[in-house]
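The values are calculated or read from the model by the stated rules, or taken from the named source; none is laboratory data. From a predicted model like this one, the values you see are computed outputs, not experimental measurements. Neighbour counts run over all protein chains shown; Cβ positions are idealised from the backbone, glycine included.
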Amino acid sequence: MKIGIDLGGSHIAIGVVNNENKIIEKKEKHLTNEEKRNIKENIEKYIIESINELKTKNSIESIGMSVPGTICENKILKSVNLGIKEEYNLQEKIEQKLNIPTKVKNDAKCAALAENKIGCLKGINRTLFITLGTGIGGAIIINGKLLDTGKYPGIEIGHMIVEKNGKKCKCGKQGCLEQYASMKALKNNLRKELGLTQKTRGEELLRIIRNNKEENENYQKIESTIEEFIEYLAIGISNLINIFEPEAIGIGGSFVYFEDVLLERLRKKIVTDKLLFNNREDLKIFSAVLENDAGIIGATLE
């Protein structure tokens, strides 16, 4: 058995994964704002306590961790969404306490590996996988292997600049794609246009989009907000298609819950608006199928 850990900006999910790449037991914790203030200590404590508990019922051979941010040689160099700005050797701390071999990888790349092995991109040789959530991440997989970019993981899709002197990003640059085409950006823009508070959850925003009709008072505001989101996302994805020419694209993160209102619009924008250098009428774009389990499973894969 292996342990997979999906560490997010506001949650930790820990799962026991069997040899068939299925999660047989899972524990999850939401990180409070108070816990986020001392995030390193709190995630270490929860991980160690949880795995010690899981070890009593399962024989654990290794641990894999899925972490947002820049990962190099199992070290977290920085993680904007976790508030980690300096090198953090979480692998070493976990191994010292648990004496189990541990690896740390970028979360988007973990999800990509899982979706390529058992998910929406299974059986396809050249793929592009994108995660859309608080930020934007991704991976290029060729013949089952992540594209090797050397010392640094690369494929930082969310930090592709799409607007010169654009919105300030948490990474310190301006005009990054994730400021315009992440699910967080879409939701925040919808709330702003509709005069809603930050407490309005994604489920309610999705209901509003699904019920949007021309006779509705806010029809044009909703349409314009979605169209702008789709335009920026299509530009980012088309740039990657023109460079890597993937056979298929998978999209994960909270985008999957909005699939019925966004996916076909996105595909149409990419294929019909002459954004591609080569004709790709056959372009396949899929929504991820493993949802929140992708990071846990992918963290245990090589």
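Scoring residue 152 on the criteria (1) surrounded by 14 or more Cβ atoms within 10 Å (Cβ to Cβ); (2) within 27 Å of residue 125 (Cα to Cα); (3) aromatic (Phe, Trp, Tyr) leaves a single failure, condition (1). Here the condition is being more than 20 Å from residue 187 (Cα to Cα), in the same structural domain as residue 149 (by TED's automatic domain parsing) and assigned to a helix (DSSP H, G or I); of 241, 235, it holds for 241 alone. Scan region 272-290 and tell me whether some residue there is assigned to a helix (DSSP H, G or I), outside the structural domain of residue 67 (by TED's automatic domain parsing), touching a residue at least 40 places away in the same chain (Cβ under 8 Å) and in contact with a Leu (Cβ under 9 Å, 6 or more places away or on another chain). No, that holds for no residue.
Every condition in (1) in contact (Cβ under 8 Å) with a residue 60 or more places away in the chain; (2) of a type in the set (A, V, I, L, M, F, W, C); (3) surrounded by fewer than 21 Cβ atoms within 10 Å (Cβ to Cβ) holds for residue 297 except the one numbered (3). Candidates in region 204-225 are the residues that are of a type in the set (Lys, Arg) and assigned to a helix (DSSP H, G or I); of these, the one that is farthest from the chain's Cα centre (by Cα) is 221. Within region 143-163, the residues that satisfy the criterion of being over 18 Å from residue 238 (Cα atoms) and of a type outside the set (Gly, Ala, Ser) are 143, 145, 146, 147, 148, 149, 151, 152, 153. For region 168-203, a residue qualifies if it is under 15 Å from residue 262 (Cα atoms) and not in a helix (DSSP H, G or I), and exactly one does: 182. Residues in region 218-241 include none that are among the charged types (D, E, K, R), surrounded by fewer than 19 Cβ atoms within 10 Å (Cβ to Cβ), touching a strand residue (DSSP E or B) at 6+ places or on another chain (Cβ under 8 Å) and touching a residue at least 24 places away in the same chain (Cβ under 8 Å). Of the residues making up region 51-88, those that are crowded, with 19+ Cβ neighbours inside 10 Å, within 14 Å of residue 5 (Cα to Cα) and either under 18 Å from the mean Cα position of the chain (by Cα) or of a type in the set (Ser, Thr, Tyr) (or both) are 64, 65, 66, 67, 68. Listed conditions (1) over 18 Å from residue 141 (Cα atoms); (2) part of a loop (DSSP other than H, G, I, E, B) are all met by residue 301, apart from (1). Can you list residue pairs whose Cβ atoms sit under 8 Å apart, with the first residue in region 99-127 being without any contact (Cβ under 8 Å) to a residue 24 or more places away in the chain and the second being buried (at least 24 other Cβ atoms within 10 Å of the Cβ)? Count only pairs 6 or more apart in sequence or on different chains. Listed pairs, sorted by first residue: 122/115; 122/116. Condition check for residue 247 on (1) under 23 Å from residue 281 (Cα atoms); (2) crowded, with 20+ Cβ neighbours inside 10 Å; (3) of a type in the set (D, E, K, R): one failure, at (2). Report yes if residue 166 is modelled with pLDDT of 85 or more, closer than 30 Å to residue 118 by Cβ and either outside the structural domain of residue 246 (by TED's automatic domain parsing) or touching a helix residue (DSSP H, G or I) at 6+ places or on another chain (Cβ under 9 Å) (or both), otherwise no. Considered against the rule, which asks whether it is modelled with pLDDT of 85 or more, closer than 30 Å to residue 118 by Cβ and either outside the structural domain of residue 246 (by TED's automatic domain parsing) or touching a helix residue (DSSP H, G or I) at 6+ places or on another chain (Cβ under 9 Å) (or both), residue 166 comes out as no. Filtering 36, 2 for residues that are modelled with pLDDT under 90 and farther than 18 Å from residue 108 by Cβ leaves a single hit, 36.
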